[in-house]
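Working notes, structure below.
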Amino acid sequence: MPTDVLDLNTITLMVLRWIHFFAGITWIGLLYFFNLVNVPFAKTMDADTKKKVVPQLMLRALWWFRWAAMVTFVVGWLYVTWKLYVATNAGMTGTGGLLTSTWGQWISFGGLLGTIMWFNVWFIIWPSQKKIIGWVKNGENPPQMAGIVKNAYLASRTNTYLSVPMLFCMGGASHFPAFSYITAGIVLVIGFLVAWVFINVSLKVTAS
């Protein structure tokens, strides 16, 4: 096997990509668990059951969820920065740059969607869930709870819809060498439709 291609940049980029993939699978896997399994399941629990189950389950799941999102976000942008400014001098507009190559355009689009999702996790879903879990644990139902539950739910649903086109973008960067606004729009529409189908199927799946 030739060893001259295994320089520091090649190894660094592969390690960063590996970490990004692993953290991303953890993050998106838990996102789908929350939206496709936990949301329908939560509707079957009474108040006493929720007091026992929600704090034990959600605090553990949300720890992995939010930190996997953070690692995915940070390492993803570190990978892009290293590839464009350390391993090469492509930058934003050079040959193979972020804005001048199909790789960079898909990564930019996917990175934008992923950044929105990361923001939702850390600044809407997690702060809201901390309050919700505390109230459920104490058997409380303050007036502001309904609004906070709705905000967390909408942010999580938004992430579910964004996740499908985002995943296409990450794969498309290396395996779909064509990008245009029309193509990106088609990916969004198909991605949203796929997410909608999965969400609606999840509401019909039973424990039997």
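Throughout, read-outs are computed from the coordinates displayed, never taken from laboratory work. None of these values were measured; they are calculated from a predicted model. Cβ sites come from the backbone with ideal geometry, for glycine too, and all protein chains shown count toward neighbours.
Figures for the structure shown
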quantity: Leading residue at positive end of dipole, the range 8-202 (Cβ point charges), from 32, 112, 88; calculated: 32
quantity: For peptides 40-46, 21-27, sequence by mean Cβ density within 10 Å, most packed first; calculated: 21-27, 40-46
quantity: Within-13-Å neighbourhood charge of residue 137 [Cβ basis; K, R +1; D, E -1]; calculated: +3
quantity: Euclidean distance of C-alpha centroids, the range 67-120 and the range 172-190, integer Å; calculated: 16
quantity: Among 156, 128, 174, residue whose mean-square fluctuation peaks in a GNM of the chain (springs only between Cα atoms under 10 Å); calculated: 174
quantity: Pairwise Lys count, the chain - Cα closer than 18 Å, eight or more residues apart or different chains; calculated: 17
quantity: Helical contribution to [θ] at 222 nm, DSSP H n ≥ 4, -39,500 (n - 2.57), averaged over the chain, rounded to 500; calculated: -25500 deg cm²/dmol
quantity: Dipole-positive endmost among 18, 103, 56 within the chain (Cβ charges, Cα centre); calculated: 56
quantity: Total charge dipole magnitude, the range 8-202, about the Cα centre, Cβ charges on Lys, Arg, Asp, Glu only, Debye to nearest 20; calculated: 440
